[in-house]
Amino acid sequence: MIYSGVNMLMVAFVFLGCVPLVISLYQFLLIGLHSFKNHYPLTGCHFPQVSILVPAWNEVNVLDSTIESLMDMSYPKEKLRIYIIDDASTDSTPDLMKKKMTKYPGNVFHIRRHKGGEGKAHTLNHGINEVLNESWSEAFLIMDADVLFEKNALRKMTRHLRDPDVGAVTAYIKEGSRPGSLMTSFIDFEYITAQAASRRAQNILAFMACLAGGAQLHTRENLLAIGGRIDTSSLAEDTFTTFKTQLNGRKAIFDGNAIVWAEEPDNIDGLWKQRLRWARGNLQITKQYSHLWLNKKMHPHLGSISFSFIWFSILLMPIFMILASIGLASLFFLDFPLSWKLFKMFWILNVVVYVFVTLFSFLIDPISARQSWLAGIVFPGLISLCIIILSYIPGLLEYLILDNEKHLNWKTLDLTPMVIILLMYLWLSLSMVAAFGAKVIEKVKHLKWLSKPMLLISGYGPLLCAITFNSYISELRGKEMKWDKTEKTGKVQIKS
């Protein structure tokens with residue numbers, strides 16, 4: 001009975017490892033409904049007076065092109081005001097702003113904090129407080145200093161505000177670094193799935209997990225309803241704003257046709273800092289809204305089963321992968337034939353999801369998919385890709401590793417196939433360790449060149465899991481909520 005109970009627990013661990021795959025497939029299958037169930041029938045030409053709030057600290061490298069792209073938008077200039085909220089910058093931001101205010105009087109404004117360094121949310125609140133004191137603004141666009149808006153992006157966002165039930169709208173942020181790198185190619189492909197795909201699915205399910213921090217539009221009424229300020233108690237101010245908007249009874253909408261371009265990290269360390277901040281913020285959100293999960297009385301959509309599954313499949317993915325590894329490795333010794341069947345089942349499911357998501361990406365965003373297709377192929381890592389390919393061909397793994405013999409007990413295996421099988425079983429966890437190793441090596445002067453090959457071997461997906469796992473440790477240790485600013489160089493361009 002004990003033996004059977006342990007077996008069942010290990011099988012359950014393996015099935016937990018399948019949860020993120022199933023949820024990913026679920027979201028992609030929903031996207032097909034977006035053509036029939038969306039917010040567009042309630043939209044129309046709508047041009048409210050928009051105040052654009054741009055927090056900036058030593059952003060002189062990007063502010064010039066950002067302001068020019070905003071002024072070049074096909075939006076009535078008399079209904080547009082740009083506020084650069086200068087967080088006590090020590091570069092030449094004040095000099096640049098004098099030139100821009102002279103060039104665009106009545107459109108460009110400079111709000112300077114004389115004491116800064118408290119982070120993005122505090123900087124935004126300083127600007128919001130000043131701008132809200134005036135009655136001119138009917139809507140507020142919160143964005144990052146490096147983001148470039150396509151000409152029609154803002155008008156595609158404001159059209160949703162014609163519906164009085166909408167409180168906030170977010171755009172589709174795309175990676176726009178020129179020249180690019182291996183890292184930016186990975187991010188480019190990731191954003192197709194994480195934004196263009198996932199947020200369309202969330203539109204269908206009538207909830208939004210997070211308004212993109214680089215491009216979120218709020219009605220004046222919504223901003224006042226959530227307190228007239230951005231949350232400063234966590235590292236996920238954007239997500240807090242998103243939750244509050246919906247809990248107050250207003251809709252949060254994603255418009256995948258409103259496209260903006262941003263400069264993303266081009267190395268592992270830069271990505272690690274950015275995503276660690278995001279992951280820690282999500283943990284803080286999870287704790288803050290612990291009463292919301294699976295509680296439809298709190299909110300019919302945020303409290304739904306679908307939202308909880310989507311949220312926790314990402315938040316707990318490292319744990320699911322570790323448990324799956326433990327389950328397979330344990331069953332190797334307890335019931336080898338069962339472990340082998342579960343292993344094949346897991347990776348065949350990987351094949352289905354991997355192929356479906358990769359091909360579907362070309363339908364969602366063909367331009368970005370064509371530019372980052374190679375990153376999409378190696379997204380799970382070369383070793384995982386090899387296992388995926390081998391799992392797809394019936395009998396090939398058995399032929400290569402088991403020599404076509406039907407082993408009923410692990411004790412009948414030779415040492416080499418035993419080690420190979422155990423390593424494959426544990427790779428779900430070891431890939432995260434290897435990805436962390438790529439981060440460590442990147443900082444070693446004479447070994448830095450090895451970081452890219454290691455990342456290719458381990459995979460971008462496992463790197464994101466390693467970052468999420470690190471966020472658990474940071475939160476458990478009560479690490480300081482430090483805003484590690486991502487360095488911007490001004491190499492972002494609107495791609496065509």
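If you scale each eigenvalue of the Cα gyration tensor by 5 and take the root, what three semi-axes come out for segment 184-252, rounded to whole angstrom and sorted largest first?
Whole-Å semi-axes of the equivalent ellipsoid: 24, 15, 9.
With protein chains left intact and a 1.4 Å probe, residues in the chain average 44 Å² of accessible area per residue.
Only protein atoms count toward the accessible area here, which uses a 1.4 Å probe; on the chain, the carbon and sulfur part of that area reaches 62 percent. Of the trypsin sites (Lys or Arg not before Pro) found in segment 424-462, the ones in coil according to DSSP and having at most 10 other Cβ atoms within 10 Å of their Cβ are K445. Packing-based ranking of 467-475, 71-79 yields 467-475, 71-79, ordered from highest to lowest mean Cβ neighbour count within 10 Å. Plainly put, the chain has a radius of gyration that is 1.00 times its Kirkwood radius, both from alpha-carbon atoms, as the Rg/Rh ratio.
Would you mind calculating the relative contact order of the chain from Cα pairs under 8 angstrom and at least 6 residues apart, reporting the percent as a whole number?
RCO, the chain: 21 percent.
Expressed in Å, the radius of gyration and Dmax of the Cα atoms of segment 1-68 are 25.1, 71. Can you classify segment 1-114 as rounded, prolate or oblate using the Cα gyration tensor, where a ≥ b ≥ c are the square roots of its eigenvalues, rounded means a/c under 1.5, and otherwise it's prolate if a/b beats b/c and oblate if not? Oblate is the answer for segment 1-114, as a/c is 1.5 or above yet b/c matches or exceeds a/b.
Restrict the search to segment 3-94; then list the chymotrypsin sites (Phe, Trp or Tyr not before Pro) that DSSP places in a loop and that have at most 11 other Cβ atoms within 10 Å of their Cβ.
F36
Separation of segment 174-215 from segment 42-69 is 19 Å, based on Cα centroids.
The mean sequence separation of alpha-carbon pairs under 8 Å and at least six residues apart, normalised by the residue count of segment 348-442, gives a relative contact order of 21 percent. The order of the peptides 166-175, 211-220 by mean Cβ neighbours within 10 Å, most packed first, is 166-175, 211-220.
Rg of the Cα atoms in segment 112-153, relative to 2.2 N^0.38 Å, amounts to 1.38. Two tests apply to each whole DSSP H helix in the chain, Cα reach of 30 Å or more along its axis and mean Kyte-Doolittle hydropathy of at least -1.0, and the ones passing both are 2-31, 336-364, 415-442.
The values are calculated or read from the model by the stated rules, or taken from the named source; none is laboratory data. Note that this is a predicted model, so its numbers are computed, not measured. When we count neighbours, we look across all protein chains shown, and the Cβ atoms used for this are built from the backbone with ideal geometry, even at glycine. Please note that ligands, DNA and RNA were not included when accessible areas were found on the heavy atoms of the full protein model with its side chains. Shrake-Rupley method; radii C 1.70, N 1.55, O 1.52, S 1.80 Å.
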